[in-house]
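The values are calculated or read from the model by the stated rules, or taken from the named source; none is laboratory data. Keep in mind it's a predicted model, so treat the numbers as computed, not measured. Here the Cβ positions follow ideal geometry from the backbone for every residue, glycine too, while neighbour counts run over all protein chains shown. The area values use the complete protein model at the heavy-atom level, side chains included, leaving out ligands, DNA and RNA. Shrake-Rupley method; radii C 1.70, N 1.55, O 1.52, S 1.80 Å.
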Amino acid sequence: MAGLNVVQQAVSLPAACEGAAQVFAVSLAPAAGPPATLRKSLRHAVHQSICGTLAEVLQCDARQLSVQRVSGQAPVLELGGQTHAAIRLSVAYAGASALWAWSDRAAMGVDVQAVPADADGDDAEWHAVARQFIGPAAQALAPLQGTALRAAFAQQWAQLEARLKCAGLPLAEADARPAGWDAGVQCAPLPWPAAWGAAAAALAWHF
């Protein structure tokens, strides 16, 4: 991480979720270098952010905490090598930036999606992907084109991923998801620092 500056800031939450979760945005600058190296550095920065923040909450030394990645599942917080089951985590990455959230009161999920550039595929492709994965909500994208379509697509996709994480489900086509899979799940967009690039962020939660 030599030469990289880590920036962290708390993210404002919807009123309905205040007090039930906390969300933080983390970014690396300068955002240059091989993608694999950047992702490794960003993941390290996020894990440090998690441990440093939760050490204050749990009143312990940050060195006692670690974050374990579990394939296909939310990351797990460990205290002294033992899973701290009361703390739920959710992490999402987009380029050189990330979101992470924690809660001891609710199931939740966060996601951030970079807004695709206009050169990335044509409108028909984005509409087709939206219908296939987002489902009925994708109807709201039907009249949109170009930049407006890509921005709205990123927001809907971020909300979909956040809701799936909250429900503990993997990404799947809309008609392959079980009926009522997101019953009780609430979801709202989150503010994203414009200086970090065009992106859409979302938080989903279920008490």
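Being hydrophobic (A, V, I, L, M, F, W, C), open to solvent by 60 Å² or more (accessible area, probe 1.4 Å), in a loop (DSSP other than H, G, I, E, B) and more than 16 Å from LEU164 (Cβ to Cβ) is the filter here; which residues of segment 174-207 pass it?
Passing the criteria: ALA198, PHE207.
Among LEU190, LEU169, LEU160, which is the only one that is closer than 30 Å to ARG105 by Cα, free of Cβ contacts under 8 Å to residues at least 24 places away in the same chain and in contact with a helix residue (DSSP H, G or I) (Cβ under 9 Å, 6 or more places away or on another chain)?
Result: LEU169 is the single residue among LEU190, LEU169, LEU160 that is closer than 30 Å to ARG105 by Cα, free of Cβ contacts under 8 Å to residues at least 24 places away in the same chain and in contact with a helix residue (DSSP H, G or I) (Cβ under 9 Å, 6 or more places away or on another chain).
Looking at ARG163, ARG150, ARG88, ARG69 in this structure, which one is charged (D, E, K, R) and at pLDDT below 95?
ARG69
From ALA119, ALA148, ALA138, grab the single residue that is assigned to a loop (DSSP other than H, G, I, E, B) and over 19 Å from the mean Cα position of the chain (by Cα).
Selected residue: ALA119, the only one of ALA119, ALA148, ALA138 that is assigned to a loop (DSSP other than H, G, I, E, B) and over 19 Å from the mean Cα position of the chain (by Cα).
(1) in contact with a helix residue (DSSP H, G or I) (Cβ under 8 Å, 6 or more places away or on another chain); (2) surrounded by fewer than 14 Cβ atoms within 10 Å (Cβ to Cβ); (3) within 28 Å of GLU18 (Cα to Cα): which one isn't true of ASP118, the others all being true?
(3)
From the list ALA98, ALA174, ALA162, exactly one residue is within 27 Å of GLN8 (Cα to Cα) and in contact with a Gly (Cβ under 7 Å, 6 or more places away or on another chain). Which is it?
Step by step, each of ALA98, ALA174, ALA162 is checked, and only ALA162 is within 27 Å of GLN8 (Cα to Cα) and in contact with a Gly (Cβ under 7 Å, 6 or more places away or on another chain).
Which of (1) among the hydrophobic types (A, V, I, L, M, F, W, C); (2) modelled with pLDDT under 95; (3) under 18 Å from ALA198 (Cα atoms) is the odd one out, the single condition ALA137 does not satisfy?
Status for ALA137: all satisfied but (3).
Restrict the check to segment 102-112 and report whether at least one residue is out of contact with any Pro (no Cβ under 6 Å at 6 or more places or on another chain), within 21 Å of PRO193 (Cβ to Cβ) and of a type in the set (Phe, Trp, Tyr).
Yes, the conditions are met somewhere in segment 102-112.
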